[in-house]
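Read-outs throughout are calculated quantities, based only on the coordinates presented, and are distinct from any laboratory measurement. If you're wondering where the values come from, they're calculated on a predicted model, not measured in any experiment. A quick note on method: Cβ atoms are made from the backbone with ideal geometry, for glycine too, and the neighbour counts reach across all protein chains shown.
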Amino acid sequence: MTTTTAAATPVVSEQTTTQQPMFDISQPPDIEGFTPLSRPREETFQEKFMRKSKENPFVPIGELPNELTLNHLVIRVRLTTKTDNRSVAS
């Protein structure tokens with residue numbers, strides 16, 4: 001009794017199919033019943049600052065005392081450091 005073993009070869013389809021990519025990021029998706037809005041123009045820094053200031057006016061008002069306090073502390077540290085160095089060097 002002779003047994004022959006045939007090697008299993010995968011069956012390859014002779015048809016060549018061209019697959020389209022799932023997502024084309026250069027175009028908006030085509031959704032039925034949906035129309036995308038056009039993009040608004042880019043706003044400048046000044047326009048954005050004015051818009052945000054109108055939405056929340058306490059932020060720019062609160063920045064002024066904060067900036068004054070930080071400037072005062074920086075100047076005070078610099079002056080203190082300069083006078084401390086002079087007294088130690090003498």
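Can you tell me the length gained on complete extension of the stretch residue 79 to residue 25, counting 0.36 nm per residue apart and subtracting the Cα distance? It would help to have the intermediate numbers written out before the result.
Numbers: separation 54, 0.36 × 54 = 19.44 nm, distance 5.76 nm.
Answer, rounded to one decimal: 13.7 nm.
Here the Karplus relation 6.51 cos²θ - 1.76 cosθ + 1.60, evaluated at θ = phi - 60°, turns the backbone of region 40-46 into coupling constants of x, 5, 6, 8, 6, 4, 5 Hz, with x for every Gly and Pro. Site pair residue 67 and residue 55 shows an inter-label distance of 2.1 nm when each label is modelled 7 Å from Cα along Cα→Cβ. Couplings for region 75-82, taken from phi via the Karplus curve 6.51 cos²θ - 1.76 cosθ + 1.60 with θ = phi - 60°, read 5, 5, 5, 5, 5, 5, 5, 5 Hz in order; Gly and Pro are left as x.
Computed from backbone phi with θ = phi - 60° and the Karplus coefficients 6.51, -1.76 and 1.60, the 3J(HN,Hα) list for region 62-69 is x, 6, 4, x, 4, 5, 5, 5 Hz; x is used for glycine and proline.
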